[in-house]
1. Looking only at region 33-44, count every residue that is surrounded by fewer than 17 Cβ atoms within 10 Å (Cβ to Cβ) and either under 22 Å from the mean Cα position of the chain (by Cα) or closer than 24 Å to residue 219 by Cα (or both) and tell me the total.
2. Taking the condition in a helix (DSSP H, G or I) and either buried (at least 20 other Cβ atoms within 10 Å of the Cβ) or not basic (Lys, Arg) (or both), does residue 258 pass?
3. Would a scan of region 113-130 turn up a residue that is under 30 Å from residue 276 (Cβ atoms), in contact with a helix residue (DSSP H, G or I) (Cβ under 9 Å, 6 or more places away or on another chain) and basic (Lys, Arg)?
4. So which residues in region 95-113 are within 12 Å of the chain's Cα centre (by Cα) and in contact (Cβ under 8 Å) with a residue 60 or more places away in the chain?
5. Name the pairs: first residue in region 299-328 and at pLDDT below 80, second residue not in a helix (DSSP H, G or I), Cβ to Cβ under 7 Å, at least 6 apart or on different chains?
6. Looking at (1) modelled with pLDDT under 90; (2) buried (at least 22 other Cβ atoms within 10 Å of the Cβ), can you tell me which one residue 151 breaks?
7. Looking at (1) surrounded by 15 or more Cβ atoms within 10 Å (Cβ to Cβ); (2) over 21 Å from residue 248 (Cα atoms); (3) small (Gly, Ala, Ser), can you tell me which one residue 143 breaks?
8. In region 269-293, what residues are without any contact (Cβ under 8 Å) to a residue 12 or more places away in the chain and either part of a helix (DSSP H, G or I) or in contact with a helix residue (DSSP H, G or I) (Cβ under 6 Å, 6 or more places away or on another chain) (or both)?
Amino acid sequence: MRLEDVRGRLLISFVIALAVVLGLVFYADLSKTLAAFARFQWLYIAPILGLTLLNYLLRFVKWHFYLHQIGVRNLHPWDSLLMFFSGLSMVMTPGKIGEWLKSYLLRESTGTPFSRSAPIIVAERLTDAVAMLILASGGLLISGVGWQVLVLVLLLALAVVAVARYRPLAMRLLRCGESTPVISKRMRHVHEFYESSYTLFGLRNLLAAIGLGFVSWSGECIAFYLVLIGLGQEPSVMLVVKASFILAASTLAGSLFLLPGGLGVAEGGITGLCQALVGMTKDLAVASTLLIRFCTLWFGVSLGLIMLMIFTRRLPSLTSTGRADARG
């Protein structure tokens with residue numbers, strides 16, 4: 001994985017992001033949007049970024065916990081942290097498929113087969129989605145808006161867990177793969193992928209990961225609540241519920257459409273729901289959207305790029321050590 005490749009993919013995402021920003025500003029009127037930004041109480045930026053960072057750190061704890069579950073114990077926590085944050089540099093790829101970078105870096109560092117660690121990425125996305133469903137449930141009950149998206153996410157999550165944990169069905173599917181010419185050659189890797197999935201989706205691991213996800217994503221929901229307060233909304237418990245629903249539902253919708261970072265879908269969802277549920281004007285809704293996306297999505301991408309540059313400098317020494325450990 002070359003940094004040149006990362007930069008090329010990010011450039012495309014930056015162009016899409018710029019188009020989204022311009023579209024939002026055009027929708028709300030540039031002068032009114034700038035006036036809304038001028039109204040924002042910028043003292044809230046530090047706690048907003050702090051809550052976003054807390055989300056990332058707790059998600060790192062989940063990543064490191066999962067590594068232990070699949071038997072990876074020869075990775076220093078600092079290298080694991082760098083590896084996790086490096087993955088954030090690739091969330092701007094369609095469907096976040098670039099986060100498989102973590103499995104690539106893990107293989108190069110420790111010799112861990114890609115097929116063994118890849119289910120971690122699936123488990124991270126699934127447990128985060130369930131956690132966000134829980135966070136969105138209060139607002140869903142109040143508004144009744146967007147329940148179709150949330151039900152679809154829940155059904156997909158249940159289907160993945162059912163296939164992973166119900167061995168008779170999984171074994172039947174694996175046997176079908178063994179009789180398929182193209183897949184049969186890679187069935188050793190498919191079996192390893194399944195065994196890791198079976199472990200990660202065990203009830204104890206599932207509950208622990210969803211609990212971590214709920215706490216971590218609560219940080220970003222509270223960050224969005226602070227954005228709304230900073231733009232003049234009255235503090236209240238109901239506003240917390242609405243902020244959690246708006247951010248969680250819009251983020252999930254963006255993930256379902258497999259767009260880079262959910263671009264366009266997430267922004268449109270946040271802007272529209274802020275107007276519908278909070279009663280914000282176009283300019284304030286757009287300002288709230290741009291603020292929370294810059295303080296979450298783009299803040300994470302920036303951290304990821306920095307960590308990726310640090311990690312790639314360490315990779316040569318880790319690669320030699322990790323492969324020696326793997327042979328041992």
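1. Looking only at that region, the number is 5.
2. For residue 258, the condition - in a helix (DSSP H, G or I) and either buried (at least 20 other Cβ atoms within 10 Å of the Cβ) or not basic (Lys, Arg) (or both) - is not met.
3. Among the residues of region 113-130, at least one is under 30 Å from residue 276 (Cβ atoms), in contact with a helix residue (DSSP H, G or I) (Cβ under 9 Å, 6 or more places away or on another chain) and basic (Lys, Arg), which makes the answer yes.
4. 95, 96, 98
5. Qualifying pairs under 7 Å: 322/111; 323/111; 325/74; 325/111; 326/111.
6. The single condition residue 151 does not satisfy is (2).
7. That leaves (2) as the condition not met.
8. Matches in region 269-293: 275 only.
The values are calculated or read from the model by the stated rules, or taken from the named source; none is laboratory data. It should be emphasised that the depicted structure is a prediction, and the values quoted were computed from it without experimental measurement. A quick note on method: Cβ atoms are made from the backbone with ideal geometry, for glycine too, and the neighbour counts reach across all protein chains shown.
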